[in-house]
Amino acid sequence: MENNEAKPSSGSESRREFIKKTATAAAVVATANVFKTPVYGQNQAPSTGRVIGANDRILVGYIGVGGQGQAHVDSQKRNASENNIVQAAVCDVSKTRNGEAKKMIGSSDVGEFEDYRKLLERKDIDAVCIATVDHWHTKTAIDALNAGKHVYVEKPMTRYLGEAFDLHDTVKKTGKILQVGSQGCSDAKYHKAAELIGKGKIGPLVMSQGSYMRNNPKGEWNSYEIFPWVTPEDINWNMWQGSVNKKVPFNGDYFRRWRKYYPYCAGLLGDLVPHRLHPLILATGNPEFPVRVNCIGTRKIHSDKNTPGTPERDVAESIQLLAEFPSGLTLIVASSSVNEQGFPDIIRGHKATLYFGGNRVELKPERPFADEIDPESFDNLTPGEDIGEHEKNWFHCIRTGERPNANIDLAIRVQTIISLAEMSDRLGISCLFDEKTRKISTGDGRPVEPLSYASVTPLTYGALPLS
């Protein structure tokens, strides 16, 4: 990643330089090795699958080729020569989508599958890109890893927390490269922030914030058209439903607008919030598990009523989560589908604050530390937030064994926040988390079982009863 030189913003340098040299030298020395890239899967037993050298071509399969899946097919086709890949196979429960993806690749040699397990049986495929409905992420990813494939899985990494740790443990066991599809993690400004924070430039972390906001008068996700081909004849509906607790007859609205319904997605928490959480947690430089998460969501606008014929959503139209971490950092992230005005990305330290915008990071000292900390700005940081750059990082790490930008250690911490936030909102509780035991409890110490496919997941919005 290309980083520009810092630009001091102002000021009387002599006293500042003296204070900085004496007050921060220890911090700089202590963090000198923080950003060395570790080898992913080091000291682990070898897994199956081909060992890929620096100049070897990577064969890629695609599991789930709807809108986002086809975006990956298109991006990777355009960058195939640069990434030295072959697009080898596509898989979807829809015959139409399979045909569209195969046509997009433009080769008669592309394999076409309805059952992803058949795709994974192909020994020549090295890596898979998973863009299924959320409740299929874990199953397909774990099976792919165990089959010796490297994995790019869309966000959110999993539907529920328990399976997130199953996937985490499988990545560690197999040593394969897993990248979560939150492309903000390949945006250079968040890596610059992690570097500054690691060097003690803003002091101990205090608060951070971000948001992802939209305003859709007809209801978010209702713009996904229910095409004429969306029929039981085209779609393997039983496979699509998979492990959800409450099976329902074929429904085109559920198939196309599944992010509205709890059995398949956590709504804004699963779709938009991860885009802010991943880079903000990455930017701290030392991602932590949360110790406490609170979340409040509402759906009082009833925007779905403006799209005739669509059921009303289970999930919130507006949501805010607040997380606390062992270091004392607190984080707030908001998301809405009924108002576009959000919070700017900011990370506050005891001594200085970081502001993000475009391809720029600005460091401003807090008033009491103005003599110690220089204001600085970092401009023209590249690359920016881009799917192609994120995919390129994945392919690079497959060849080198380096840690990808949205790696499993970052992703499991982000997914813990997401899952606890859903529980907090739906159960009406404050969720405390113990990293060592992976257990959840309420503020008054009562243990709470995480939501899962066996949980009550009614197709109505509201709190679930405590057991």
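Quick notes on this structure:
- Per-residue Cβ neighbour rank within 10 angstrom, fewest leading, H191, H350: H350, H191
- In sequence order, calculated HN-Hα J values of segment 219-233 (Karplus, 6.51, -1.76, 1.60; Hz; x Gly/Pro): x, 4, 6, 6, 6, 6, 5, 8, 5, x, 6, 6, 9, x, 6
- With the Kirkwood sum run over all distinct C-alpha pairs, the chain has a hydrodynamic radius of 23.3 Å.
- Of the three principal axes defined by the Cα atoms of segment 70-172, the extents in descending order read 39, 28, 23 Å.
- Ascending count of other beta-carbon atoms within 10 Å, so fewest first, for E376, E391: E376, E391
- Per-residue 3J(HN,Hα) values for segment 325-335, derived from phi via the Karplus relation 6.51 cos²θ - 1.76 cosθ + 1.60 with θ = phi - 60°, read 10, x, 6, x, 5, 10, 9, 10, 10, 10, 8 Hz in sequence order (x marks Gly and Pro).
- Counted as membrane-span-like here are DSSP H helices of the chain whose alpha-carbon atoms extend 18 Å or more along the helix's own axis and whose Kyte-Doolittle mean is 0.0 or above; these are 408-427.
- Based on Cα contacts under 8 Å between residues 6+ apart, the chain shows a relative contact order of 22 percent.
- For T353, residues with placed amide H under 5 Å, excluding near neighbours: K364, E366
- Dipole orientation for segment 130-193: of the candidates S182, A164, W136, S182 has the Cα lying most toward the positive pole (charges on Cβ; Lys, Arg +1; Asp, Glu -1).
- Dipole size of the chain about its Cα centre, with +1 on Lys/Arg Cβ and -1 on Asp/Glu Cβ: approximately 500 debye, rounded to the nearest 20.
- Exposure proxy shown here: for H396, H72, the number of other Cβ atoms within 10 Å sets the order, fewest to most, as H396, H72.
Bear in mind that the values in this text are calculations on the coordinates, not laboratory data. None of the values given here were measured: they were computed from a predicted structure. Ideal geometry is used to build each Cβ from the backbone, glycine not excepted, and the neighbour counts take in all protein chains shown.
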